[in-house]
Amino acid sequence: MTAIESAPAAARRGRVRDPAPDPGTAGLLRPHLPGFAAVVILQIAGALAGLAPLLAVAELGRTLLAPGPIDAGHVRTVVIAGAAGLLVRLVCTAASSGIGHLLDADVQLALRRRLAERLGRAPMGWLSRRRTGELAKVVGDDVSAVHPLIAHTPAELTAAFVVPAASLVYLLTVDWRLTLITLIPVALALMLVPLMMLPARIREQREFEAAMGRIADSVVEFVQGIAVVKAFGGSQRAHRAFIAAVDDFAGTFLRWVRGMSPIAAAMQLVLAPPFVLLVVLIGGTVRIASGGLAPADLLPFLLLGLGLTAPVAALGHGFDDVTAAGRALGRVKEVLSVRPLPEPARPATPSGHRVELRGVRFGYEADREVLRGVDLVLEPGTTTAVVGPSGGGKSTLVRLLPRFFDPAAGAVLLGGADLRDIAAGELYRHVSFVFQDVRLLRASVADNIALAVPHADRDAIVRAARLAGIHDRVMELPRGYDTVIGEEARLSGGEAQRVALARALLADTPVLVLDEATSFADPQTEQAVRRALASLGGDRTILVIAHRQETVAGADTVVLLEDGVITEQGAPAELLRRGGRFAAFWRAHDPERNEGEAR
């Protein structure tokens, strides 16, 4: 069973999936193809124009060294052509570079907008299972990493191949035999490329990358755990683990260098200007001595021969940037491929706020179910506490109610309507939630509390903060409710939870889901919050994951969830009298507590 409903199932239930499926790499860049075409065309023009000064010098040398009188008009024409080519090259190259960087800015802006739109519609459950830093890296660093691929690679690769191709055509018209001799360094370099792709070299490269990852992990583990290992006397062991990772990296790096350095050194040697010039001079000398080449015709090969090695050198120098950009673009595509939960084609409206789970089955992975047939009813005006061992499925269960996920089988109903048939905006007017992992915006305290009710006045915000037990702490901040969190002040985990609870209380939804919202609070604050929840009264439906026995004792119904199955449920006092699994669970968590407290 999987976390996301299949497309056929969604269609059968009258729901529509994401109308914009993830495009491939070409699809991401297709809207910008005219810009890429302009960059390439301008770069081709600039590259060809850039040959004019070199060809002018070569032609001048051949003209001046040729026997007989000098044609002044021809010389003038060659000089003007060379100067004009230089000017055209400067203009075209500047324009190509400018358009390339503007194109890069447009692509990055478009990618970030698409990522923001996609993340805004991604399933809440998918988001909750990702680290904030991981997603921030995709939106920030990975999008920025495509810069070389967009702004530089098209122009540089175009120039790297156009200039040698044009030079090769020109040199072939001068002397095709010496042209082939000039290509000897390129042929030698290409012969070395397969040696880099041998299985042994690829294996060494993978081992090197794995060793890099291990040393990074050991550094993070060593730094983050330094206080613990010092406190418990394990610093020497932790230090040895770090040194072992370093030694392993050094050995792997040396093996990789030994395998690659001879090949890389040989490639650099055959592509080096001195070696290329040596080959040209030797070949030219032989051709001149045999009478097959005029001495003046050697000059173009000396000027243009070096450019014939540019494509091989360009592939080598730009390979790392291009592959890094490709990996970054792959991570961007992975986020863009996340499909939102299907929205109803014909939205239903809940009738009341009775919550019912019918035969709910769910699993994050296809081969492992977390919930295995859960049936549960939450009546209006009651508080239901979910308890059970770690890993039993409690958090997964409560996250189904605000529709972080859709069940793989069964249904979750609110007011008689399947959550999958309720529009998202309508659902969150009925359900609010507070979980342990609280995220606050970089905004004022008042704005964070009023997130779900932006039109709320200050009196309502303060009233919700008082109920959540955070008002006094807010008044200690530099500008009270106008203090910007993250800039002017930072809140502890418990304080952040209370701000989130105030947000939920201000939303005043008929259904409230809490993942032990007071887990970080001190006893006094916890009592204040429990009193606040009790004072809400009315027919509000509350579902809470309970870790503290005070919370369990104050609930109307307790549900014991073990291994994805409800094994007991009922009033806490009744369950204790039964002496079953819940009573054993209660005593195991606090064997000295009198069972009568729950009564």
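Listing for the model above:
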read-out: Scope segment 185-201; condition surrounded by fewer than 17 Cβ atoms within 10 Å (Cβ to Cβ) and within 16 Å of Leu304 (Cβ to Cβ); matching residues; value: none
read-out: Any hit, segment 520-540, residues being within 35 Å of the chain's Cα centre (by Cα), modelled with pLDDT under 85, assigned to a loop (DSSP other than H, G, I, E, B) and buried (at least 16 other Cβ atoms within 10 Å of the Cβ); value: yes
read-out: All positions within segment 429-440 that are within 12 Å of Arg503 (Cβ to Cβ) and open to solvent by 40 Å² or more (accessible area, probe 1.4 Å); value: Phe433, Arg439, Leu440
read-out: Test for Ala504: is it closer than 17 Å to Arg540 by Cβ and either under 30 Å from the mean Cα position of the chain (by Cα) or assigned to a loop (DSSP other than H, G, I, E, B) (or both); value: yes
read-out: Residue among Ala94, Ala83, Ala110 that is loosely packed, with under 14 Cβ neighbours inside 10 Å, touching a residue at least 12 places away in the same chain (Cβ under 8 Å), in a helix (DSSP H, G or I) and not charged (D, E, K, R); value: Ala83
read-out: Some residue of segment 350-371 being open to solvent by 90 Å² or more (accessible area, probe 1.4 Å), at pLDDT 75 or above and either of a type in the set (Val, Ile, Thr) or under 18 Å from the mean Cα position of the chain (by Cα) (or both); value: no
read-out: Test: residue in segment 181-199 that is in contact (Cβ under 8 Å) with a residue 60 or more places away in the chain and within 32 Å of the chain's Cα centre (by Cα); value: yes
read-out: Among (1) at pLDDT 80 or above; (2) in contact with an Asp or Glu (Cβ under 8 Å, 6 or more places away or on another chain) - the single one Leu277 does not satisfy; value: (2)
read-out: Residue within segment 211-221 that is within 33 Å of the chain's Cα centre (by Cα), modelled with pLDDT of 80 or more and open to solvent by 40 Å² or more (accessible area, probe 1.4 Å) present; value: no
read-out: Flag if Phe253 is of a type in the set (Phe, Trp, Tyr), in a helix (DSSP H, G or I), under 12 Å from Thr309 (Cβ atoms) and open to solvent by 50 Å² or more (accessible area, probe 1.4 Å); value: no
read-out: Set Gly410, Gly391, Gly381, Gly425: member being among the small types (Gly, Ala, Ser), surrounded by fewer than 21 Cβ atoms within 10 Å (Cβ to Cβ) and in a strand (DSSP E or B); value: Gly410
read-out: The lone exception for Ala452 - which of (1) open to solvent by 40 Å² or more (accessible area, probe 1.4 Å); (2) part of a loop (DSSP other than H, G, I, E, B); (3) out of contact with any Ser or Thr (no Cβ under 8 Å at 6 or more places or on another chain); (4) at pLDDT below 85 it fails; value: (3)
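The values are calculated or read from the model by the stated rules, or taken from the named source; none is laboratory data. In this text the structure is predicted, and so the values were computed from the model without any measurement. Using ideal geometry, Cβ is built from the backbone for each residue, glycine included, and neighbour counts are taken over all protein chains shown. Protein only, heavy atoms only, side chains kept; ligands, DNA and RNA dropped before computing areas. Shrake-Rupley method; radii C 1.70, N 1.55, O 1.52, S 1.80 Å.
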